[in-house]
Amino acid sequence: MKHTFSVLLQNKPGVLSRVTGLFSGRGFNIESLCVAETLDPKVSCLTVVSRGDEAIIEQINKQLNKLIDVIKVSEINSKEYVEREMVLIRVKAEASTRAEVLRVVDIFRGKVVDVSAKSYAIELTGSDSKIQAVIDILRPIGIKEIVRTGTIAMARANKNK
Amino acid sequence: MGKISGSQAIVKCLQEEGVKTIFGYPGGAVLDLFDALMDSEITNVLVRHEQGAVHAADGFARVSGEVGVALLTSGPGATNGVTGIATAYMDSIPLVILTGQVPRALIGNDAFQEVDIVGITRPCTKHNYLVNDVDDLVPTLREAFHIARTGRPGPVLVDLPKDLVATKLLYPEKTPIHISSYQPNFNPHPVQVEKACHRILQAKRPVLYVGGGVISANASEELTTLAEKLSIPVTMTLMGLGSYPGSHRLSMGMLGMHGTYTANMAVAECDLLIAVGARFDDRVTGKLSDFATKADIIHIDIDPTSISKNVKVDIPIVADCRNALTALNQWFAREKSFNPTEQAEKLAPWFAVIAGWTAKHPLGYRDDNQVIKPQYVIETLHRLTEGKAIITTEVGQNQMWAAQFHKFDYPRHFVTSGGLGTMGFGLPAAIGAQMAFPERTVIDIAGDGSIQMNIQELATARQFKCPVKIAILNNGYLGMVRQWQELFYNKRYASTVMNVVPDFVELAKAYGAVGLRATTRQEVEPVIREALATANVVIMDFRIEQEEGVYPMVPAGKATTEMLLV
């Protein structure tokens, strides 16, 4: 089962390696990991996606909390949330496929950000499943290069408040 | 007040934290610090190897309950300390390790004696720091002591660049420490306490399973009150020995791989297991799927990660062990329906079963009139010191025999490397213990293999007048590994025979210590008596039965009820 943790950290040197060291040292898996400063420059926010059964996810949560530099751990999947990932894809675009690629970009509300005689570079944002869908469709046409940011996520605001 | 140097500030901060003794070894990157120490009341115990410094600080911390401090130089000084740091980390011992670092301008340049010790020790410290700004120096040190001694204790390393330590600074006033991201939960949740107490009252076959957390929380008294008021039999982990009096009627001794038959059977058959400050280590549980299968589990621990890590817990209580046990005791004191006498009567059938196990397979060994049995040596040490000595151990058979046959009646009297199992721990730890309590008898129970791992510390013991007594159970083998080879590798003794071992009596003399030897059973008691009466460091070389094994033994991966017995 996939789980997304949103972790607030002290923004200090070496903190990221404490988190990644924890995952590797205890054999937890990292599917993706994203980290950047928050509004408060002393605090950064890390989104990490991992997989495991309930016991493992509980351990990951507790072990993250145990790190002295970790301020707060939220398990995003336990609430309503939005998650987004951005991807850059360089796809083959020769005479026979150029129109098809543009159609796919249009359907998925992507953008062409670089053009050459034989390829387009596409920028696309969405949930993990949307990104996967685009990749599946473009693969037969010929993906030459792909760069993904990994997932970032945010809990939805409580509608009753 | 005017400005002082970084090194003077460090010394001042150590004094502010109540430090009187540190353990260290100098070098280029810490020259300033050692220089500043000369003008203070703090004694530096000059060890002979940095691993010894950290083990000694560890031994000091375990017996005194205070934070142990080690001071090492950069590069090899720091890396030599890593085994000591990992040892303390696994056993949750509060240490502050100060390491020198190359000047800030050289960090990352592969400078002479440069190593990224913060990177190396990240997985084996509770927390660590590289101080980059001179204004952070004193606050960081204060934070290090705070983190080391609170919550689940552990070692904290502070890396100090040489140029920073030489910089002048204004010594900051002491302010309360507040780390927003570090707030251990000291007090138990009343709902959980209530749940636990009700469950305890329903239990027909309860067992208390207690570990090192009881000792680090100084909760022995509260534990004893609970066990006795509620007539609950107690078993201790290796780290928990002494947290409950080992010679008391409710004590079933140690559990686990080399635990007593009674303790392992009781855990297997109990209907309620109350774990206090213990962490369900594999040496305790054996095969996890067969561990305490008939029991509900209450788990008291300050560290939430320990709860349900290996074994699913029914009633967790995250709190300091002393606060939690106090809350339980108060609940039973208030509860009108609870009566200690009725409780004892209710549990009488359970005690009858336990007594049956003890009668069937008591802890024992086959004694001999001529050959020295190691267990007899331990029993004699216990008898002649009235169980009041501080016992440190090395790792292996010596450690297990000490745990089994020395009945520890007091907390902070047994100093052993439990989690990491570090050979070479006992002698430096004994020196640390002796520095904390110069008037007490400190005995290192050692093997002929492991004593050689830090034998150089004999010189430290002599120089600092630590009259530690070393009892070597000399069997000419790396005994514990040999025992496994005997049982599981068709007696193929690969690399466990030590053909060349120093003459320990002569070795003692070479260091200016006293060496004594016993080769027969009759010589054991006189040797121990003489050692105890000697004001100097003494090595006792006991030539024991060579192929004696440690029993009971649960083979690795087996259920704890599948014990090999004597």
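Any read-out appearing in this document is the output of simple, stated calculations on the displayed coordinates, not a laboratory observation. Note that the structure is a prediction, hence the values are computed from the model and not measured. Neighbour counts are summed over all protein chains in view; Cβ atoms, including those assigned to glycine, are modelled from backbone coordinates with ideal geometry.
Points worth noting:
- Stokes-Einstein diffusion coefficient of region B:320-428, Kirkwood radius over Cα pairs, 25 °C, 0.890 mPa s, in µm²/s: 139 µm²/s
- One quarter of the convex hull surface built on the alpha carbon atoms of region B:374-543 amounts to 9.5 nm², the projected area averaged over directions.
- Computed from backbone phi with θ = phi - 60° and the Karplus coefficients 6.51, -1.76 and 1.60, the 3J(HN,Hα) list for region B:78-90 is 5, 5, 4, x, 4, 4, x, 5, 5, 4, 5, 5, 5 Hz; x is used for glycine and proline.
- Using C-alpha pairs under 8 Å with a sequence gap of at least 6, the mean separation divided by the residue count of chain B gives a relative contact order of 14 percent.
- Derived scalar couplings between HN and Hα for region B:369-386 equal 6, 9, 6, 7, 8, x, 4, 5, 4, 5, 4, 5, 4, 4, 5, 6, 9, 6 Hz in order, rounded to whole Hz, by the Karplus curve 6.51 cos²θ - 1.76 cosθ + 1.60 (θ = phi - 60°), x for Gly and Pro.
- In plain terms, the residue of A:80, A:100 with the fewest other Cβ atoms within 10 Å comes first and the most crowded comes last, giving A:80, A:100.
- Calculated log₁₀ intensity ratio I(q)/I(0) where the Debye formula runs over C-alpha points of region B:258-354, q = 0.10, 0.16, 0.23 Å⁻¹: -0.32, -0.82, -1.27
- Built amide H within the under 5 Å cut-off of residue B:448, gap 5+: B:473, B:475, B:476
- Cβ-Cβ distance of residue A:141 and residue A:84, R₀ of 30 Å, FRET efficiency by 1/(1 + (r/R0)^6): the value works out to about 0.80.
- Per residue of peptide A:56-68, the mean number of Cβ atoms on other chains within 10 Å of the residue Cβ is 4.
- The Cα center of region B:188-241 and the Cα center of region B:524-552 differ in position by 36 Å.
- The mean sequence distance of close C-alpha pairs (under 8 Å, at least 6 residues apart), as a share of the length of region A:82-155, puts its relative contact order at 52 percent.
- Helix A:98-107 axis, angle to chain A major axis (alpha carbon atoms, nearest 10°): 40 degrees
- Between 0 and 90 degrees, the angle of helix A:128-138 with respect to the longest Cα principal axis of chain A falls at about 20 degrees.
- Radius of gyration, Dmax [region A:1-112; alpha carbons; angstrom]: 18.3, 57
- In degrees, nearest ten, helix A:15-25 long axis to first principal axis of chain A (Cα): 90 degrees
- Remark on chain B: hydrodynamic radius 24.6 angstrom, per the Kirkwood mean of 1/r across alpha carbon pairs.
- Sequence-distant residues sharing a close amide H with residue B:253 (under 5 Å, placed H): B:236
- Loop-located chymotrypsin sites (Phe, Trp or Tyr not before Pro) in region B:104-169 (DSSP state not H, G, I, E or B) with no more than 11 neighbouring Cβ atoms inside 10 Å: B:112.
- Among B:249, A:26, a tally of other beta-carbon atoms within 10 Å of each Cβ gives an order, fewest to most, of B:249, A:26.
- Annotation: amide H-H contacts under 5 Å for residue B:21 (H modelled 1.01 Å from N, sequence separation of 5 or more, or interchain): B:43.
- Neighbour counts of other Cβ atoms within 10 Å put B:394, B:545, B:345 in the fewest-to-most order B:345, B:545, B:394.
- Derived from the Cα gyration tensor, the three semi-axes of the equivalent ellipsoid of the protein assembly as shown are 49, 34, 26 Å, largest first.
- When you restrict to C-alpha pairs under 8 Å that are six or more residues apart and normalise by the size of region B:52-180, the relative contact order lands at 28 percent.
- Between region B:439-508 and region A:91-138, the alpha-carbon center distance in angstrom: 70 Å
- Couplings for region B:351-361, taken from phi via the Karplus curve 6.51 cos²θ - 1.76 cosθ + 1.60 with θ = phi - 60°, read 5, 5, 4, 4, 4, x, 4, 5, 5, 6, 9 Hz in order; Gly and Pro are left as x.
- When only alpha carbons are used to place a centre, region B:56-112 and region B:324-349 end up 45 Å from one another.
- Exceeding the 24 Å Cα-Cα cut-off - candidates A:66/B:312; B:20/B:407; B:309/B:346; B:294/B:346; B:195/B:312: B:20/B:407; B:309/B:346
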